[in-house]
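Participant: The structure follows.
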Amino acid sequence: MISTQIPSKSYVKRTSVFYTLGEGIVVSADIQSKSRTNLTHYTRIVLDPLSLKVVKSSCDCEGYTFRHHCWHVEALKQLVASDEKVREEVMKAKEEMLQVEADIASWG
């Protein structure tokens, strides 16, 4: 069972929000390991552009490698839900992605 206690934002070292037409809105971050302070893990979640629900996740930590779930992914989900700046970037990426898809559809 994954701990429900989410670490503070100080564990998140870098975030990036972008979209790909084939996947959706991607939110990635480098999240510091709790057990090894000199190690960061690349963590990524993909959001459905319409519902903004997580459809894919990944992390390069050992826990995710073996269990396909880890606290880094949960921390990134929590960050998206609670951080206003990240949420604004997600909404901006959503608008851009939907506009590009509408433009492509109009080529018809």
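The values are calculated or read from the model by the stated rules, or taken from the named source; none is laboratory data. The model shown is predicted, which means the values in this text are computed figures rather than measured ones. Here Cβ is always computed from backbone atoms with ideal geometry, including for glycine, and neighbour counts include all displayed protein chains.
Participant: Does R36 satisfy the criteria of being of a type in the set (D, E, K, R) and modelled with pLDDT under 90? Give the derivation first.
Facilitator: On the way: of a type in the set (D, E, K, R): yes; modelled with pLDDT under 90: yes.
Yes.
Participant: Sticking with this one: Filter the stretch 4-33 for residues that are of a type in the set (S, T, Y), touching a helix residue (DSSP H, G or I) at 6+ places or on another chain (Cβ under 7 Å) and modelled with pLDDT of 90 or more; which is surrounded by the most Cβ atoms within 10 Å (Cβ to Cβ)? Please lay out each step first, then the result.
Facilitator: Applying the first criterion (of a type in the set (S, T, Y)) to the stretch 4-33 yields 4, 8, 10-11, 15-16, 19-20, 28, 33.
Keeping just the survivors that are touching a helix residue (DSSP H, G or I) at 6+ places or on another chain (Cβ under 7 Å) gives 11, 15, 19.
So of that shortlist, the ones also modelled with pLDDT of 90 or more come out as 15, 19.
On the way: T15: 19, Y19: 22.
Filtering first and then ranking leaves Y19.
Participant: Limited to the stretch 22-47, what total is found for residues that are over 11 Å from the mean Cα position of the chain (by Cα), charged (D, E, K, R) and closer than 28 Å to V100 by Cα?
Facilitator: Final tally of qualifying residues: 1.
Participant: Pick out the one residue from M1, M97 that is over 13 Å from the mean Cα position of the chain (by Cα) and modelled with pLDDT of 90 or more.
Facilitator: Values: M1 fails: modelled with pLDDT of 90 or more.
Of M1, M97, the one residue that is over 13 Å from the mean Cα position of the chain (by Cα) and modelled with pLDDT of 90 or more is M97.
Participant: Here's a follow-up. Between a residue in the stretch 37-65 that is among the acidic types (D, E) and any residue that is assigned to a strand (DSSP E or B), which pairs come within a Cβ distance under 7 Å, given they are 6 or more apart or on different chains?
Facilitator: Filtered contacts from the stretch 37-65: D48/G24; D48/V55; D60/H41; D60/Y42.
Participant: If I go through the stretch 53-86 residue by residue, how many of them are under 11 Å from the mean Cα position of the chain (by Cα) and surrounded by 13 or more Cβ atoms within 10 Å (Cβ to Cβ)?
Facilitator: Here is the first cut: in the stretch 53-86, the ones under 11 Å from the mean Cα position of the chain (by Cα) are 53-59, 72-81, 86.
Now narrow it down to the ones that are surrounded by 13 or more Cβ atoms within 10 Å (Cβ to Cβ): 54-55, 57-59, 72-80, 86.
Residues flagged as under 11 Å from the mean Cα position of the chain (by Cα) and surrounded by 13 or more Cβ atoms within 10 Å (Cβ to Cβ) within the stretch 53-86 amount to 15.
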